[in-house]
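Remarks on the structure that follows.
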Amino acid sequence: MNENEKVSFGKYIETIRKEKRKSLRETAKAIEVSPQFLSEVEKGRKSTLTNERIEKLAKFSSESAPREA
(Lines give C-alpha, C1' and ligand atoms only; values in the text may rest on other atoms or scores of the structure.)
Protein backbone atom coordinates (compact mmCIF):
# COMPACT_ATOMS: atom_id res chain seq x y z
CA MET A 1 0.00 0.00 0.00
CA ASN A 2 1.41 3.35 -1.07
CA GLU A 3 1.80 5.89 1.74
CA ASN A 4 0.12 8.65 -0.25
CA GLU A 5 -2.75 6.48 -1.43
CA LYS A 6 -6.12 7.16 0.16
CA VAL A 7 -7.96 4.02 1.19
CA SER A 8 -11.25 3.36 2.87
CA PHE A 9 -11.31 1.93 6.36
CA GLY A 10 -12.70 -1.35 5.02
CA LYS A 11 -9.99 -1.68 2.40
CA TYR A 12 -7.39 -0.94 5.09
CA ILE A 13 -8.78 -3.75 7.27
CA GLU A 14 -8.75 -6.13 4.31
CA THR A 15 -5.16 -5.23 3.46
CA ILE A 16 -3.94 -5.80 7.01
CA ARG A 17 -5.87 -9.07 7.28
CA LYS A 18 -4.32 -10.36 4.08
CA GLU A 19 -0.82 -9.20 5.07
CA LYS A 20 -1.22 -11.23 8.29
CA ARG A 21 -2.47 -14.16 6.18
CA LYS A 22 -5.67 -14.43 8.17
CA SER A 23 -8.93 -15.64 6.72
CA LEU A 24 -12.08 -13.60 6.77
CA ARG A 25 -13.70 -16.22 9.00
CA GLU A 26 -10.97 -16.33 11.63
CA THR A 27 -10.75 -12.54 11.73
CA ALA A 28 -14.52 -12.21 12.06
CA LYS A 29 -14.56 -14.78 14.85
CA ALA A 30 -11.80 -12.94 16.72
CA ILE A 31 -13.74 -9.67 16.68
CA GLU A 32 -17.12 -11.34 17.25
CA VAL A 33 -18.91 -10.47 14.02
CA SER A 34 -20.17 -12.68 11.21
CA PRO A 35 -17.91 -13.24 8.23
CA GLN A 36 -20.64 -11.72 6.07
CA PHE A 37 -20.67 -8.53 8.13
CA LEU A 38 -16.87 -8.20 8.04
CA SER A 39 -16.92 -8.73 4.29
CA GLU A 40 -19.50 -5.97 3.91
CA VAL A 41 -17.35 -3.63 6.05
CA GLU A 42 -14.29 -4.42 3.93
CA LYS A 43 -16.26 -3.66 0.77
CA GLY A 44 -17.57 -0.39 2.20
CA ARG A 45 -21.19 -1.54 2.15
CA LYS A 46 -21.67 -1.49 5.93
CA SER A 47 -20.78 1.12 8.46
CA THR A 48 -17.54 0.80 10.30
CA LEU A 49 -16.90 -1.32 13.38
CA THR A 50 -17.55 -0.25 16.96
CA ASN A 51 -14.62 0.98 19.03
CA GLU A 52 -14.67 -2.29 20.98
CA ARG A 53 -14.38 -4.34 17.80
CA ILE A 54 -11.65 -2.09 16.43
CA GLU A 55 -9.69 -2.70 19.65
CA LYS A 56 -10.22 -6.47 19.26
CA LEU A 57 -9.07 -6.25 15.66
CA ALA A 58 -5.93 -4.36 16.68
CA LYS A 59 -5.16 -6.94 19.37
CA PHE A 60 -5.81 -9.84 16.99
CA SER A 61 -3.61 -8.26 14.32
CA SER A 62 -0.74 -7.61 16.71
CA GLU A 63 -0.95 -11.11 18.22
CA SER A 64 -0.81 -12.66 14.80
CA ALA A 65 2.17 -10.61 13.66
CA PRO A 66 4.97 -12.77 12.31
CA ARG A 67 7.61 -13.45 14.91
CA GLU A 68 11.21 -12.68 14.04
CA ALA A 69 13.85 -15.16 15.13
Restricting to the stretch 32-56, name every residue that is open to solvent by less than 40 Å² (accessible area, probe 1.4 Å) and touching a Ser or Thr at 6+ places or on another chain (Cβ under 7 Å). Leu38, Val41
I'd like to verify a number: residues in the stretch 36-64 that are over 16 Å from Ser23 (Cβ atoms), of a type in the set (D, E, K, R) and at pLDDT below 90, how many? 1
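The values are calculated or read from the model by the stated rules, or taken from the named source; none is laboratory data. All values derive from a computational prediction rather than experimental measurement. Note that we place each Cβ from the backbone using ideal geometry, even for glycine, and neighbour counts take in every protein chain shown. Note: accessible area is taken over every heavy atom of the protein model, side chains too, but ligands, DNA and RNA are not part of it. Shrake-Rupley method; radii C 1.70, N 1.55, O 1.52, S 1.80 Å.
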